[in-house]
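Participant: Here it is, the structure in full.
All of the numbers you see were taken from the coordinates with simple rules; none came from a lab. This is a predicted model, so every value here is computed, not measured. We place every Cβ from the backbone using ideal geometry, glycine too, and count neighbours over all the protein chains shown.
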Amino acid sequence: MLAELGDKELKDLLSKGEIKASFFGLGRVGIPSMLAWANAGAKCIGVDVRKDVVMKINNGESPINEPMVQEWLSKFVRDGRVRATTDGASASRETEVKVITVPVTLLNGKPDLSALEKAALSIAAGLKRGDLVILESSVPPGTTRGFLKRILEEKTGMRAEDDFLLAYSPERIAEGRAIMDIVENYPKIVGGIGPKSLRVASALYEVIAKKGVKRMSSEMAAEFEKLAEGVYRDVNIALANELAELCRELGLDFEEIRDAANSQPYSHLHKPGTGVGGLCIPVYPVFLMDKASSLGIKLSLIETARRINRDMPSKVALLVREAAELMKLSYPNIGILGLAFRGDLDDPRLSPTYDLVLELMKLGYKSIIVHDPFIREDDTLNNLKVKLTSDLEDVLMWADIIVISTDHSVYKKIDFSKLCEKRRIALVDGRDIIENRAGCLYVGVGRPFSMNKLS
């Protein structure tokens, strides 16, 4: 019974490998979280419905591209500290701690809790008195108490806080540094369904996170905190996009303005761009708007920011059309650089590039190729009959108009001025990252048209 142990006893048991933990959802959050617990000493069982993912993990092979994951996974599988299964009920029976990291996304514009429900049912099938369940997935406020707790109690006949412990602790990671974010970079936010749940979960996370734990007054406060982090960024990016558009119309460079403004310690302007992607920032505002709507509250600022960012691919497509008209090309070859939603990742989920392609097609452009250095296959582009390539040189030499959609480092190194010496091309810089483009027809999201040597 974890609740009967003191904080020091809990920490000692975890460090000595005498606490077993299961992780439901082995994706870009679940795998780093599991490895962080294993690094602290826990014996871990990963659970996923995908047999190929389970097989890879049991072979010591990482199914995700993330720094440190392959090294740690190989080591902990060899040591017997990590294994994976598709049998969630069995994993739940074998472990005292169950951590839920399944994705909670949107379906028809509403929060989709179906994956969380499946994980909860698996956990309930093996839940024992004294066990601890922790939800790490980002969820609408009230989900832990109003949704997860209800399922666990109804299916087991036990009561949270009295018979088993239940806590919420949001993942706080960025792809590309996931393990470091968990172990080194941030304090862990923890909220419990009651004081016992809060104390036990916090004591265990204090072994895992070197920055310690920030204990919240409730699990709902912890849920809300995570969403507030993401909504702040969505609103800030929307502000940047609006200011960037005005700068371009005034003939100003928003990057110059932004750099100067951010030299003041109270200004933290983000960068503008083709849009906001990934399963975090575009999703969290909807979670809050949906909850607010159920209470008769309208989140006007958040709604407006979401609309501004959602409309950015359309605005970039119109810049492409303007460039094509200036070049007097009715049917230009358009090369889009970047499919991933953020630079130097291999993750295209909810990438604004998909919407950019669709908007260009609506304008009648059909000759489109997408380049990405990290993504080799993509079903969505295949269904749209749009080619995806990893050959950058081919795209640069083929395209009449080149659109920077993702801020991959490799694109920042391209000397477009040399390319424009050889032939006439237009650059539509959706990330305002290109500097060496003298002689090109150029426009950025926050930069005005320059038309050197257009004729």
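Participant: Order 45-55, 352-362 from most to least packed using the mean count of other Cβ atoms within 10 Å. Mind dumping the intermediate values first?
Facilitator: Values: 45-55: 18.8, 352-362: 21.5.
Descending packing order for the listed peptides: 352-362, 45-55.
Participant: Based only on other Cβ atoms within 10 Å, what is the fewest-to-most ordering of 270, 408?
Facilitator: 270, 408
Participant: Fully extended, how many nm does the chain gain between residue 387 and residue 71 (0.36 nm per residue separation, minus their Cα-Cα distance)?
Facilitator: Values: separation 316, 0.36 × 316 = 113.76 nm, distance 3.38 nm.
Going from the current span to full extension adds 110.4 nm.
Participant: Related question: Given N residues in the stretch 82-235, what is Rg(Cα) / (2.2 N^0.38 Å)?
Facilitator: Values: Rg = 15.0 Å, N = 154, 2.2 N^0.38 = 14.9 Å.
Ratio of Cα Rg to 2.2 N^0.38 Å: 1.00.
Participant: Let me know the whole percent of all Cα-Cα pairs from the chain that are separated by more than 33 Å.
Facilitator: On the way: 43582 of 103285 pairs.
The share of Cα pairs beyond 33 Å in the chain comes to 42 percent.
Participant: Given only helices, namely DSSP H runs of n ≥ 4 each adding -39500 (n - 2.57), what is the per-residue ellipticity at 222 nm of the chain, to the nearest 500 deg cm²/dmol? Don't skip to the answer; put the middle values down first.
Facilitator: Working: 17 runs with 190 residues, N = 455.
After summing the helix terms and dividing by the residues of the chain, the value is -12500 deg cm²/dmol.
Participant: Moving on. Can you give the FRET efficiency for residue 61 and residue 358, using 1/(1 + (r/R0)^6), R0 = 30 Å, r = Cβ-Cβ distance, to the nearest 0.05?
Facilitator: Working: r = 35 Å, r/R0 = 1.17.
Computed FRET efficiency for residue 61 and residue 358: 0.30.
Participant: A follow-up question, please. May I ask for the equivalent-ellipsoid semi-axes of the stretch 282-393, computed as the square root of five times each C-alpha gyration tensor eigenvalue and listed largest first in whole Å?
Facilitator: They are 31, 19, 11 Å, listed largest first.
Participant: Relative to the longest principal Cα axis of the chain, at what angle does helix 195-208 sit, 0 to 90 degrees, rounded to 10?
Facilitator: 60
Participant: For the stretch 62-168, calculate the relative contact order in percent as a whole number, restricting contacts to Cα pairs under 8 Å that are 6 or more residues apart. Kindly include the intermediate steps, with their values, before the conclusion.
Facilitator: On the way: 129 pairs, mean separation 27.0, N = 107.
Across the stretch 62-168, relative contact order equals 25 percent.
Participant: Report Rg(Cα)/(2.2 N^0.38 Å) for the stretch 179-307, keeping two decimals.
Facilitator: Details: Rg = 18.4 Å, N = 129, 2.2 N^0.38 = 13.9 Å.
Cα Rg divided by the expected 2.2 N^0.38 Å: 1.32.
Participant: What is the ratio of the Cα radius of gyration of the stretch 32-81 to 2.2 N^0.38 Å, with N the residue count, to two decimals? Walk me through the numbers on the way to the answer.
Facilitator: Numbers: Rg = 10.0 Å, N = 50, 2.2 N^0.38 = 9.7 Å.
In units of the globular-protein estimate, the stretch 32-81 measures up at 1.02.
Participant: Using the 4.7 Å Cβ rule, please list in number order the cysteines from the chain without any candidate partner.
Facilitator: Singleton cysteines: 44, 247, 280.
Participant: Relative to the first principal axis of the alpha-carbon coordinates of the chain, what is the inclination of helix 300-326, with its axis defined by its Cα atoms, in degrees from 0 to 90 and to the nearest 10?
Facilitator: Around 30 degrees separate the two axes.
Participant: Using only the Cα atoms, work out Rg/Rh for the stretch 327-382, with Rh taken as the Kirkwood radius, to two decimals. It would help to have the intermediate numbers written out before the result.
Facilitator: Numbers: Rg = 11.9 Å, Rh = 12.0 Å.
Ratio value, two decimals: 0.99.
Participant: Using 10 Å bins from zero, what percent of all Cα-Cα pairs in the stretch 340-447 falls into each bin?
Facilitator: 14, 49, 33, 4
Participant: Okay, moving on. Once the piece of chain linking residue 93 and residue 307 is laid out straight, how much longer is it, given 0.36 nm per residue of separation minus the C-alpha distance between them?
Facilitator: 72.5 nm
Participant: Moving to a separate point now. State, as an integer percentage, the relative contact order of the chain based on alpha-carbon contacts under 8 Å between residues 6 or more apart.
Facilitator: On the way: 952 pairs, mean separation 52.4, N = 455.
Value for the chain: 12 percent.
Participant: Looking at the chain, send over the antiparallel percent of its DSSP beta bridges, to the nearest 5.
Facilitator: Working: 8 of 52 bridges.
In the chain, approximately 15 percent of DSSP beta bridges are antiparallel ones.
Participant: While we're here: If you plug each phi of the stretch 96-109 into the Karplus form 6.51 cos²θ - 1.76 cosθ + 1.60 with θ = phi - 60°, what whole-Hz ³J(HN,Hα) values come out, in order, with x for Gly and Pro?
Facilitator: Those phi angles translate into 8, 10, 10, 10, 9, 10, 5, x, 10, 10, 10, 9, 6, x Hz.
Participant: Here is a further query. With just the Cα atoms defining each centre, how far is the stretch 136-202 from the stretch 215-256? Give it in Å.
Facilitator: 26
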